[in-house]
Amino acid sequence: MHKRILDKLICPNSGTTDLKLYSVELTRQDKSVTNLQDENIFPDDDVKSGIIYSSDKKYVYVICEYIPVLLNDTDQDLNHLNSIVTLLKDDLPSELADALQNTSNRIAAQHTSADGDWNREEMKYYDAAVDTEKQRIDMLKSIKTDNLWRIFIPRKQKMIRFLEKNCNGKWIFEIGCGNARTISRIFNPAEYSYNYIGTDISFKRLIVAKMAIPGSDFIQASALNIPVKDNFFDAAISFGMLHHLPRPTEAMNEVDKKLKHEGIFTLHEPVYTSRQFTEKQTAVVRKLFRTYEHSDHDNKINLKETTDTLEKLNYQILNISPYNSLFRVVYEAFMNRVYKSWDRNERLTKAVLAIDNILLNTVVKLSNKLGPQAITITSAKKNQTK
Ligand SMILES: C[S@@+](CC[C@H](N)C(=O)[O-])C[C@H]1O[C@@H](n2cnc3c(N)ncnc32)[C@H](O)[C@@H]1O
């Protein structure tokens, strides 16, 4: 975590912005530097391990593998937390080591909450595929090369195009970024010169995300309790995230708090439809074509409820597009399996995309009319002071 984002963060328990850093190890211009107090850490230093603490030292949050764990007490996974506490404790000044131990004791004494249990399940589910370093390296390779044009093209055309205009120096965050595959491929912060913070509940996916976009910052956080400053961010992104929450509309309210006037909120969600298949059949299709990784917690996103929530929050809808179809899923899976590196051949790329375009304008158009499988919505927060 770069020191420069510290003043953009808030304590997920108390909401205070009065936070300090202690670095056990950080990277400064490719060199490793150990044991630095807050005042000796530079804005561009990237803290690999250490702690963030409220200045009264009541709340302490660990940083491990560059990822700060900014979860409130009831969302913490005690085993995971304690494994990091053990690594850090001996390297902290005694006063901070005590504060960290007190935090861990306090969390151990808490009753777990229903939301906390839900979140820990999600962490477990999404951590599992990238549990080992080898799995993380393999995933990194695949996010750098897998050609998911069926997802990337609509995300670029219907969502990112609203963010990339004048994005230089702007602050954008993502909820449920996972391994950040879309941002790393189609809206890379280094290329577009904006500040990006990715948040997710899965710590290990975030390690992969950090490997994919090392210059950016990633925070382990719940989308229902986003530990970043209110009224500060220029845009928020959510790709296939809201349906993983117990209360998706609550996350939309939470995102709204973080955006400034005219801030953009862009989201992409599967929407519930009984159009083509029963739920059982859908599960089989997903397994067959590995279209989407779904946990057991999937909620049904209702399109009308989502747009009503945005309107109630005073957002202007800039674009709403139905998206996805089984035909493209099959076609993409077929191409990526039969000839994985098709996109390195310019003529073939043109041909593949031309066929995709034909599909888009024929069967997909027709099937979208019967009820889309997914939707992208981009909206802007109206300026109430005008
Ligand atoms: C289907 S994946 C989408 C990942 C990524 N946005 C993408 O498009 O590849 C859903 C993501 O939501 C995350 N998630 C689930 N519950 C969450 C919560 N309460 N807060 C934040 N992220 C959560 C999961 O860890 C997972 O990375």
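Listed values, structure above:
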item	result
From Asn168, Asn179, residue being closer than 27 Å to Pro68 by Cα, in a loop (DSSP other than H, G, I, E, B) and free of Cβ contacts under 8 Å to residues at least 40 places away in the same chain	Asn168
Residue within segment 186-194 that is surrounded by 21 or more Cβ atoms within 10 Å (Cβ to Cβ), within 12 Å of the chain's Cα centre (by Cα) and in the same structural domain as Asp230 (by TED's automatic domain parsing) present	no
Of residues in segment 143-165 being closer than 22 Å to Phe327 by Cα and not in a helix (DSSP H, G or I), the one nearest to the ligand (Cβ to nearest atom)	Leu148
Hits in segment 87-102 (condition: part of a helix (DSSP H, G or I), among the aliphatic types (A, V, I, L, M) and surrounded by 14 or more Cβ atoms within 10 Å (Cβ to Cβ))	Leu88, Leu96, Ala97, Ala99, Leu100
Residue, farthest from the chain's Cα centre (by Cα), within segment 208-222, restricted to residues that are within 13 Å of the ligand (Cβ to nearest atom), buried (at least 23 other Cβ atoms within 10 Å of the Cβ) and outside any loop (DSSP other than H, G, I, E, B)	Val208
Some residue of segment 40-54 being among the aromatic types (Phe, Trp, Tyr), outside the structural domain of Ile226 (by TED's automatic domain parsing) and not in a helix (DSSP H, G or I)	yes
Tally, over segment 321-361, of residues that are surrounded by 15 or more Cβ atoms within 10 Å (Cβ to Cβ), among the β-branched types (Val, Ile, Thr) and modelled with pLDDT of 85 or more	1
Test: Leu359 is outside the structural domain of Met241 (by TED's automatic domain parsing) and without any contact (Cβ under 8 Å) to a residue 12 or more places away in the chain	no
Residue, surrounded by the most Cβ atoms within 10 Å (Cβ to Cβ), within segment 362-383, restricted to residues that are at pLDDT below 85 and assigned to a helix (DSSP H, G or I)	Val364
First in segment 250-278 and away from the ligand (no atom under 12 Å from the Cβ), second anywhere and assigned to a strand (DSSP E or B) and modelled with pLDDT under 95, Cβ under 7 Å, 6 or more apart	Val271/Ala374; Val271/Ile375
Test result for Leu81, surrounded by 18 or more Cβ atoms within 10 Å (Cβ to Cβ) and out of contact with any helix residue (DSSP H, G or I) (no Cβ under 6 Å at 6 or more places or on another chain)	yes
Verdict on Leu140 being part of a helix (DSSP H, G or I), buried (at least 19 other Cβ atoms within 10 Å of the Cβ), more than 14 Å from the ligand (Cβ to nearest atom) and of a type outside the set (Phe, Trp, Tyr)	no
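The values are calculated or read from the model by the stated rules, or taken from the named source; none is laboratory data. This is a predicted model, so every value here is computed, not measured. Cβ atoms come from the backbone with ideal geometry, glycine included; neighbour counts cover every protein chain shown.
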